[in-house]
Structures are given as structure tokens and as C-alpha cells.
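Have a look at the structure below before the remarks.
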Amino acid sequence: AAAPAPLVALAVALRALNCALVRTSFVPDEHWQSLEVAHRMVFNFPFQLFVILNIHNYGYLTWEWANRLRGYSYPLVFASIYKVLQLLGKDDVQLLIWVPRLAQALLAAFADVKLYSLVQRLENAETAKCVFFCQLCSWFTWYSCTRTLTNTMETTLTIFALSYYPVKGSKMGNSCKYLALVALAIVIRPTAVILWMPLVFSHFLQEQRKADLLLQNCIPVGLVTVGTSLIIDRVFFGEWVLVQLNFLKFNVLQNLGTFYGSHPWHWYFTQGLPVILGTHLPFFIHGCVLAPKRYRVFLLTVIWTVLVYSTLSHKEFRFIYPVLPLCMVFCGYSLKHLKAWKKSAASFLLLSNLIPALYTGLIHQRGSLDVMSHIQQLCSNSEQSQAFVFMVMPCHSTPFYSHVHCPLKMRFLQCPPDLTGNESYIDEADAFYSNPLGWLNKEFYSDTLLPSHLILFNVLEQEISSFLALRGYEKTATLFHTHLPQGRVGSHIYIYRRKTETNY
């Protein structure tokens, strides 16, 4: 049964508002693995212009792209949006920032509606409304669902696929549609295979015509999806490459993600899942106890996914985001059965999720995006050709050309991992932070090499104050970033501008 129109309108309006109220940065990947790649695909200037403008490249690809760990299928979505804007002559920087996010928000809204339809089919409209309510209340979904992250697309596609999944005991389901969506999720983020393993296996066991399922659905869908992905990557890489295999080899088999930090095995159970569930946690546990047998496959999927991710030492909240919609089914089931307490419980969920949703969306880590509007201003004035912006911050702290959209000379501290097995390898960012003052003096030994603008976190200011004073830099802006500064990341971002000779 289709969801009622007012419900669809509510989801769309709410996710559009959600998009507008998320003005903070979460992780570098939301820009560097999507918008930056798409921007380079569409707006990469011809080589002659680089020479004239003295710019090495208008756009930047991270080390994952050089090592063929990422595929172009997901950035192609945003590149298509950019291309349309370019053809319409509307490639304004604000539109380049917000239109992809609005597209992601729209997909999230339809995913919310699909979750409602799924539960309505399996249960009834009342339970579906409770699940829908829990989904819309979730602070972590609010924080993540409009971001241009592969994890977000994986979660959205997972909900779409679940809506066609043949749950045991229900007459509904469409093997071809759900498998096609699963295959697409795996192409975009290969780790989606982890979540779908128990679900596909369960479907295979309950299917009477196993050979038909394999020959008529699994194999054709797999071949078409992988084939399309291969062709897309062949076009943009210029060679045949199966990036999904490289991605799994790097992240799972070689476990090289530890370069970005490691956590104890129990982290997802003690911190990861409790944090992303937030105040939904007691409802989830209650729902797990109450839910009928046919939902066991969903619970098993949540536990299996969290267990598999627990074996990898590099852990992040966003990695288990795709299990959140499955958890919401149990939360909604719990809410529906609270009878007399239902209104109080719903009010509690709404209010307790509103504060973290608004805080993380509007305040926490907002400096990295706010600083880009200051850099954008350099594009519109006469300084552009002389300007050279250097982000002296932990690498990928800010977006890049996708949030500036002009061939400004920019640089940041690089931090690719070493894939050659060199024990004494130190990346540029670590080399800088081991001796910031010495590094700057060595790198910019001549005044002609100096950046016109330096962008840094306040925690670094004291260490390089003599360099700033000696080279004639003055602070032109202070931007709030976070109330929870950690290590190299400070509470504020400072913009320093070098005074020109006429200012002396």
C-alpha cells in the first residue's frame, strides 16, 4: 500500500528543513569522496589555463583515487547535478553546495516513506506511524541523512531495498528490485555486503525455487550492476579496475584503516550503537523483546553487522549508520505497545532528540564550513590572481574547490598513508606538527613563496606566533568551531592575512 500523501509531504518538508539546519562538518569524506571528485569531473580546467593562471590543478583527488580504492558511480550523481547547473549557467558556488545536499535530503525523505510502507505491509498503519515517528525523531539520522556521504547513500538504498525484501510470512516482496538496490549499495560502498549477507542468506533458505533465484535474479542483477560500475570507472580512470575489490582488500583484509585510528573491539557495543541510538536505546531493547519471530532476521542483521565491524580496528559512528533504520522498526514496535504511556514516551523521544540534533547540526564543528565563505570572497575581488590560501590544519579539515568554485591557489597539509611498508614513513601533516615553526621556515624560506592567507586552529597560534609576526601576518577573522577541542583541532579557526608592502 502506498503511503498517504500528507505523510509524503511531511517527510519531504521535514528533510528539506533538516538540510537547511545542518551547517556543520562531520567527516572529511562527505566532501572529499563526493563533491570534490564531482567538481573536478565537471570543472577541471584545460591545461593551458593552469599555465596562464599558475595553478597546478583546479580540483584535487585524495590518495584513495590514486590507489583505485574508490569508484566514480557515487560522485557521478553529483557531477550530473553540477553539469546541469553549468549548462543552465547557474553554477553559482551556493547552488553547488546546497543542490547536492537537497537531492540527498529528498532521497532521505523517500526512504522515510518507504520505511513506513514496509511496516504498514508487515503490521498495520498504527505501528507504521510509530516507526515513522521514531525514524524522524532520530538525532543521528537528522545529523547524517542530508550529507553527501557514501554511508548516507548506503543507508538510503538499504531502506529502499528492505521495502522490497520478502520477509518470511509476508506475501510481499520483489527479489529482482531488492537485489538490484542491494547491488547498487555494494557498488557505492562495498561494505554494504556485510549488512546484506544474513538477509540474502535467509531469503535463499526460505526460497523454494533456489536455482531460479540464482539464475534469474542474483546473477543477472550482479552482472549488470558490476558491469555498469566497471564501465563508469573505465571511462574516468582510463583503465579497467574493480575498485570494490581494492576497497575491501584495503579496509578488511589488510585492515589499513588503522592508519586513521583504532578502537577496542567492544567500542560499537559500548559507545557506537548506544550513541547513534541515543534515547531510542531503551525502546530498541524493549522492541527486541516484544517483536514477533519474523523480525528475528532484522535483529540478527543488526547484531551480525555490529559484530563484523567490531573485528576491524578502525571504527566510526557512521559505519554502522545503515543498521539504524532496522533498529527503528523495533523502537516503533515498542512505542506502539506502550498503550497508556505512548504519548509521554513520544514526547520524551522528540524532546530528547531535538537538542542533540540541533546542537550537532548547527553548532558542533561549524568552523570548517564557515571559513569557506571567507575564502569565497577572494574569488570576487582583484586579489584572486595573487591570492594563495594555505590551510595549516589537520589534513582535510575543510572542503576544497567544491566550496570555492574558482581557480584560487590553495594548499593543505597532506596525509596519505604509506602503502609500501616503509616503517619510518611520516606524512606531511605529522612532519609539520612535530615542529611547526621549523617546518614553516624551511618551506617558506623566501618571501616570494609565502601564502597570502593562512588558516589555522587557535591551538597552533602560540607555536608559530614568531613566524606570523616576522612575516607580516595579521589576524582578519576568528570563527567558532567547537566546544570540544581535541588535540590539533581547536575551539576556533583564525584567518591570517599577509600585509602587502603598501600596508607596512
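Restricting attention to the range 261-301, the residues that are out of contact with any helix residue (DSSP H, G or I) (no Cβ under 7 Å at 6 or more places or on another chain) and among the small types (Gly, Ala, Ser) total 2.
Among the residues of the range 485-492, none qualifies, meaning not one is without any contact (Cβ under 8 Å) to a residue 60 or more places away in the chain, of a type in the set (A, V, I, L, M, F, W, C) and under 16 Å from SER397 (Cβ atoms).
Let's see how each residue does on (1) more than 29 Å from ASN458 (Cα to Cα); (2) outside the structural domain of LEU479 (by the TED database); (3) in contact with a helix residue (DSSP H, G or I) (Cβ under 8 Å, 6 or more places away or on another chain):
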position: LYS339; (1), (2), (3): yes, yes, no
position: LYS343; (1), (2), (3): yes, yes, no
position: LEU351; (1), (2), (3): yes, yes, no
position: TYR359; (1), (2), (3): no, yes, no
position: VAL371; (1), (2), (3): no, no, no
position: HIS374; (1), (2), (3): no, no, no
position: GLN377; (1), (2), (3): no, no, no
position: SER380; (1), (2), (3): no, no, no
position: GLU383; (1), (2), (3): no, no, no
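Here is the figure for the range 197-221: residues that are without any contact (Cβ under 8 Å) to a residue 40 or more places away in the chain and open to solvent by less than 30 Å² (accessible area, probe 1.4 Å) total 2.
Within the range 57-78, the residues that satisfy the criterion of being of a type in the set (A, V, I, L, M) and at pLDDT below 95 are LEU61, ALA66, LEU69. Taking the stated definitions as given, is PRO436 open to solvent by 60 Å² or more (accessible area, probe 1.4 Å) and touching a residue at least 12 places away in the same chain (Cβ under 8 Å)? So PRO436 fails the test. Restricting attention to the range 380-398 and to residues that are without any contact (Cβ under 8 Å) to a residue 60 or more places away in the chain and in a helix (DSSP H, G or I), the residue that is farthest from the chain's Cα centre (by Cα) turns out to be SER382.
Every condition in (1) at pLDDT 90 or above; (2) among the hydroxyl-bearing types (Ser, Thr, Tyr); (3) closer than 22 Å to ARG294 by Cα holds for SER170 except the one numbered (1). Of the helices (runs of 4 or more DSSP H) lying entirely inside the range 238-293, those containing at least 2 residues that are under 20 Å from ASN353 (Cβ atoms) and in the same structural domain as LYS342 (by the TED database) span 273-277, 281-290. When residues in the range 116-129 are screened for being part of a helix (DSSP H, G or I) and open to solvent by 10 Å² or more (accessible area, probe 1.4 Å), 7 of them pass. Cβ-Cβ contacts under 7 Å between residues 6 or more apart (or on different chains), taken from a first residue in the range 174-196 that is over 19 Å from GLY71 (Cα atoms) and surrounded by fewer than 23 Cβ atoms within 10 Å (Cβ to Cβ) to a second residue that is modelled with pLDDT under 95 and polar (S, T, N, Q), are listed as SER175/ASN217; CYS176/ASN217.
Screening ASN217 on (1) among the polar types (S, T, N, Q); (2) within 22 Å of the chain's Cα centre (by Cα); (3) more than 14 Å from ILE186 (Cα to Cα) shows it passes everything except condition (2). Against the condition buried (at least 21 other Cβ atoms within 10 Å of the Cβ) and assigned by the TED database to the domain that holds ILE493, how does TYR321 come out, does it pass? In short, no.
The values are calculated or read from the model by the stated rules, or taken from the named source; none is laboratory data. Because the structure is a prediction, the values reported are computed rather than measured. Every residue, glycine as well, gets a Cβ built from its backbone with ideal geometry; the counts of neighbours run over all protein chains shown. Surface areas here come from the heavy atoms of the whole protein model, side chains and all, with no ligands, DNA or RNA. Shrake-Rupley method; radii C 1.70, N 1.55, O 1.52, S 1.80 Å.
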